Amino acid sequence: MSTTTTAYGYAPEKEALIKRLHRIDGQVRGIEKMLAEERYCIDIITQISAVATALEAVAFKILDEHVNHCVTGALASGDEQTAAQKSRELLEAVHRFTRAR
């Protein structure tokens, strides 16, 4: 096991992101309870939409930090291979993210 740690761009906000994910987890459990209680369809859809929006916000935050930290660092390093790799990863991530819509 390696003792080296990589500080990714989201690292300073890791605890806040984890808290947001815990809230989202609670929302998902709330949706499950709504289904079990046979709540009104539109109320359930509204909650599902809120969860999707919350997850998107987390994803955008991590993507933003990736661009501002990982990609920017690779470009500034002068290492063309690393910069090209990070750029490809970014584009692939954006494509995956937009396909999920």
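We did not get these values from a lab; they are worked out from the coordinates using the rules stated. Predicted model, so just to flag it, every value in this text is computed and none were measured. Note that we place each Cβ from the backbone using ideal geometry, even for glycine, and neighbour counts take in every protein chain shown.
Only residues that are out of contact with any Leu (no Cβ under 7 Å at 6 or more places or on another chain) and of a type in the set (A, V, I, L, M, F, W, C): list them for segment 63-96, please. Leu63, Cys70, Ala74, Leu75, Ala76, Ala84, Leu90, Leu91, Val94 - these are the residues of segment 63-96 that are out of contact with any Leu (no Cβ under 7 Å at 6 or more places or on another chain) and of a type in the set (A, V, I, L, M, F, W, C). Assessment of segment 14-29 against the conditions (closer than 22 Å to Thr72 by Cα and not small (Gly, Ala, Ser)) yields at least one matching residue.
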